[in-house]
1. Looking only at region 338-358, count every residue that is touching an Asp or Glu at 6+ places or on another chain (Cβ under 8 Å) and closer than 16 Å to Leu375 by Cβ and tell me the total.
2. Which condition number in (1) among the charged types (D, E, K, R); (2) surrounded by 15 or more Cβ atoms within 10 Å (Cβ to Cβ); (3) on the phi > 0 side of the Ramachandran plot is the one that Glu346 fails?
3. Search region 89-105 for residues being farther than 15 Å from Arg125 by Cα and open to solvent by less than 20 Å² (accessible area, probe 1.4 Å), and hand back the single one that is nearest to the chain's Cα centre (by Cα).
4. Search region 338-364 for residues being out of contact with any helix residue (DSSP H, G or I) (no Cβ under 7 Å at 6 or more places or on another chain) and in a helix (DSSP H, G or I), and hand back the single one that is farthest from Trp291 (Cα to Cα).
5. Scan region 228-236 and give yes if some residue there is open to solvent by 20 Å² or more (accessible area, probe 1.4 Å), hydroxyl-bearing (Ser, Thr, Tyr) and in a helix (DSSP H, G or I), otherwise no.
6. Give all pairs with beta carbons closer than 8 Å in which a residue from region 172-186 that is in the same structural domain as Asn266 (by the TED database) meets a residue that is of a type in the set (Asp, Glu) and buried (at least 19 other Cβ atoms within 10 Å of the Cβ); count only pairs at least 6 apart in sequence or on separate chains.
7. Report the residue count in region 349-369 for those that are in contact (Cβ under 8 Å) with a residue 24 or more places away in the chain and at positive phi.
8. Going by the structure shown, is Phe34 among the aromatic types (Phe, Trp, Tyr) and either touching a Gly at 6+ places or on another chain (Cβ under 6 Å) or not in a loop (DSSP other than H, G, I, E, B) (or both)?
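The values are calculated or read from the model by the stated rules, or taken from the named source; none is laboratory data. These numbers were taken from a predicted model, which means no experiment stands behind them. So basically every Cβ, Gly included, is an ideal-geometry build from the backbone, and we count neighbours across all protein chains shown. Areas reflect the complete protein model, heavy atoms only, side chains present, ligands, DNA and RNA absent. Shrake-Rupley method; radii C 1.70, N 1.55, O 1.52, S 1.80 Å.
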Amino acid sequence: MTTSLPDVQLTSGAPFGVYVHVPFCLTRCGYCDFNTYTPAELGGVNPDAWLQVLASELELAAGMLGAPSAGTVFVGGGTPSLLGSVRLCALLDMVREHFPLAPDAEVTTEANPESTSPELFAALREAGYTRVSLGMQSVAPRVLATLDRVHSPGRAAAAAGEALAAGFEHVSLDLIYGTPGESDDDVQRSVDAVLATGVDHVSAYALTVEEGTALARRVRRGELAAPDDDVLAHRYELVDATLRAAGLDWYEVSNWSRRGGQCRHNLGYWNGGQWWGAGPGAHSFVGATRWWNVKHPNTYAQRLAEASLPVAGFEALQADALHTEEVMLRIRLREGLPFDLLDAVERERAEVAVADGLLTNEADRVVLTDRGRLLADGVVRALLG
């Protein structure tokens, strides 16, 4: 059954970006619940055929929206670097063909360290990519083994160095903390390894045990302990203190950067921007409508072969839902949430959170304190009641 998307109109003045989801992975990490597929799960879909189908979605998207200029492009996954330089460059050309890029556009690709090389980074930089995000997770072999990561402990740092040498000014490394069996020393050594590379951006996420993953099955069987909230809070404080001492300041609860290194594409998400998500399982948000594509690459291809958008479902957000999301997302930012966006009751709740040491009131904006960042979800629930 095909889901018809209602007419959507871009909100004037809001930032617009393009997200492309690459669904390919060589192996599935035990903690990952993203919409990714190994070769055995694809049933004949290959990267070249997928690129042709992707071009069809981008053409339909541009026709629907009137081909607006994109300020950011983000190629995520999955493992985009498995496409190789020729396909990744062709992918960016396809985006440009349908969505003109702003002169200062930020163009990011995620990459797995094991599928990168100096030659790949050089080709991507030449093609117009401006930013690379690499998954490190940890430098501790036992942690990588528990997470089913296939790269060697030092490969992510080496890949970051190769990207910087290729001319990328903006390189990000991702960390995960709270893995069963991990020690404080494992986390400290991982953060130190990140800092030694000289990258300008770090993302650090607490391990989440997602239902349906291999990790969740191991926890359920008692093979691994579930992450402990107190340990996670301590590890977050360790990561934060080390990064800030080295000159990387937090700009979102899980993200730190040097000046100018913030991820503009993700800031668009957090600040109520709009984006078209292309690819299997990708989500989009335009105007007040959110929709998501069918997940499997085969179904995705079949829909586009029929010249219809591969939409699995959508929701038209009303004012109250939009307000809830705005509070949930913007409160996580270092710049905080404008006080006047809260209604009278929410302002009273915010004053209570200030008195409790969870928020500060800075120039008519409410901003999470260090303690408030540890309890960010609870702060949001308290504000919204």
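1. So the first thing to find is which residues in region 338-358 are touching an Asp or Glu at 6+ places or on another chain (Cβ under 8 Å), and the list is 338-341.
Still in the running and closer than 16 Å to Leu375 by Cβ: none.
The number of residues fulfilling the criteria is 0.
2. (3)
3. Within region 89-105, the subset farther than 15 Å from Arg125 by Cα is 94-103.
Next cut, open to solvent by less than 20 Å² (accessible area, probe 1.4 Å) only: 95, 99.
Details: Val95: 19, Phe99: 21 Å.
Applying the filter and picking the extreme gives Val95.
4. Let us first name the residues in region 338-364 that are out of contact with any helix residue (DSSP H, G or I) (no Cβ under 7 Å at 6 or more places or on another chain), namely 338, 340, 343-345, 348, 351-352, 354-356, 362-363.
Going one step further and asking which of them are in a helix (DSSP H, G or I), we end up with 340, 344-345, 348, 351-352, 354-355.
Working: Asp340: 29, Ala344: 32, Val345: 31, Glu348: 34, Glu351: 36, Val352: 36, Val354: 36, Ala355: 39 Å.
Going through the qualifying residues, I end up with Ala355.
5. Scanning region 228-236 turns up no residue that is open to solvent by 20 Å² or more (accessible area, probe 1.4 Å), hydroxyl-bearing (Ser, Thr, Tyr) and in a helix (DSSP H, G or I).
6. Pairs found: Ser172/Asp200.
7. Residues that pass the stated criteria total 1.
8. On the way: among the aromatic types (Phe, Trp, Tyr): yes; either touching a Gly at 6+ places or on another chain (Cβ under 6 Å) or not in a loop (DSSP other than H, G, I, E, B) (or both): no.
Spelling it out, it is not the case that Phe34 is among the aromatic types (Phe, Trp, Tyr) and either touching a Gly at 6+ places or on another chain (Cβ under 6 Å) or not in a loop (DSSP other than H, G, I, E, B) (or both).
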